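Structure record follows, encoded as structure tokens.
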Amino acid sequence: MQTLVILAHPTFTSSVANSTIIEQLKKSGHAITIRHLDSLYTDYTIDVAAEQAALLAADNIVFQFPFYWYSAPATLKNWLDKVLSFNFAYGPEGDKLKGKNLLISITLGGPQEAYTPLGYNHFKVTDLLLPFEQTAYLTGLNYLAPIFTHGCVYIPGISNAKEEVEARARNHAQRVVKLLGELAKK
Ligand SMILES: Cc1cc2nc3c(=O)[nH]c(=O)nc-3n(C[C@H](O)[C@H](O)[C@H](O)COP(=O)(O)O)c2cc1C
């Protein structure tokens, strides 16, 4: 099975969590292609044909990103707006994504208890991801249960130890790799 990871991370060079996850995925032994939107496209111009060709070649699509303001970094939204076009992802001939798997794989700064009705973020992470879930339904993608990890902010001396965040990210990557293994057996 071919897995395409669409990585949206505007400050990847200083990333701890997502860079650890990507490093682990590269070592996983699965056939994984990683497209880092922020290095491919520095001015928001997207090569739509190249992105659609990458999607057509994939069985599994993973959106990998740090949660930014309860959603994805703008580079992924820009990609969605341009790549999921009429007669590709929707419309009378827009069945090109039908049957492929979509996994949302994200890291969050906030703790789990924040994403509860009485917590400071009020809503569940899965609720905040509903626009992605609905996008999957509309485009015929098979929406897999998202994989997400809390407590991923590393600010030296203020928020978490680097080793803690790296360990959480490695555990996150293991869950993604396990899922890819299960999908390959189906
Ligand atoms: C612009 C911005 C917005 C953020 N918004 C959220 C948010 O809505 N919820 C949250 O839990 N964390 C939020 N964070 C924290 C990031 O999710 C966290 O820093 C990231 O997952 C760490 O991954 P990295 O080491 O790969 O950068 C935000 C961070 C930034 C820079």
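The values are calculated or read from the model by the stated rules, or taken from the named source; none is laboratory data. As the structure is a prediction and not an experimental result, all values here were calculated from the model. Cβ: placed from backbone, ideal geometry, glycine included. Neighbour counts: every protein chain shown.
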**Positions within segment 36-76 being within 16 Å of the ligand (Cβ to nearest atom) and assigned to a loop (DSSP other than H, G, I, E, B), in sequence order** = F67, W69, Y70, A72, P73
**Message:** Go through segment 1-35 and report how many residues are within 16 Å of the ligand (Cβ to nearest atom) and either assigned to a helix (DSSP H, G or I) or over 19 Å from N101 (Cα atoms) (or both).
**Reply:** 18
**Request:** Could you list, in sequence order, all residues of segment 98-113 that are surrounded by fewer than 17 Cβ atoms within 10 Å (Cβ to Cβ) and within 16 Å of the ligand (Cβ to nearest atom)?
**Result:** P111, Q112, E113
**Asked** Checking P156 against (1) within 10 Å of the ligand (Cβ to nearest atom); (2) modelled with pLDDT under 95, which single condition isn't satisfied?
**Response** (1)
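Do we find that D81 is over 29 Å from E182 (Cβ atoms), in contact with a Phe, Trp or Tyr (Cβ under 8 Å, 6 or more places away or on another chain) and surrounded by fewer than 17 Cβ atoms within 10 Å (Cβ to Cβ) in this structure?
Values: over 29 Å from E182 (Cβ atoms): yes; in contact with a Phe, Trp or Tyr (Cβ under 8 Å, 6 or more places away or on another chain): no; surrounded by fewer than 17 Cβ atoms within 10 Å (Cβ to Cβ): yes.
When the stated conditions are applied, D81 does not pass them.
Provide a single number: the residues in segment 131-150 that are in contact (Cβ under 8 Å) with a residue 40 or more places away in the chain, more than 9 Å from the ligand (Cβ to nearest atom) and within 27 Å of R170 (Cβ to Cβ). Don't jump to the end; show me each part of the working.
Going residue by residue through segment 131-150, those that are in contact (Cβ under 8 Å) with a residue 40 or more places away in the chain are 131-132, 135, 138-144, 146-150.
Right, trim to more than 9 Å from the ligand (Cβ to nearest atom) and you get 131-132, 135, 138-144, 146-148.
Right, trim to within 27 Å of R170 (Cβ to Cβ) and you get 132, 142-144, 146-148.
Residues that pass the stated criteria total 7.
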**Prompt:** Looking at segment 151-185, which of its residues are surrounded by 13 or more Cβ atoms within 10 Å (Cβ to Cβ) and part of a loop (DSSP other than H, G, I, E, B)?
**Reply:** G151, C152, V153, Y154, N160
**Request:** Could you pull out the residue among D38, D95, D47 that is out of contact with any Ser or Thr (no Cβ under 9 Å at 6 or more places or on another chain) and either farther than 18 Å from E133 by Cα or exposed (fewer than 15 other Cβ atoms within 10 Å of the Cβ) (or both)?
**Result:** D47
**Candidates G110, G99 - the one that is part of a loop (DSSP other than H, G, I, E, B), touching a His at 6+ places or on another chain (Cβ under 9 Å) and not hydrophobic (A, V, I, L, M, F, W, C)** = G110
**Request:** Could you list all residues from segment 129-145 that are surrounded by fewer than 17 Cβ atoms within 10 Å (Cβ to Cβ) and not hydroxyl-bearing (S, T, Y)?
**Result:** L130, P131, E133, Q134, L138, G140, N142, A145
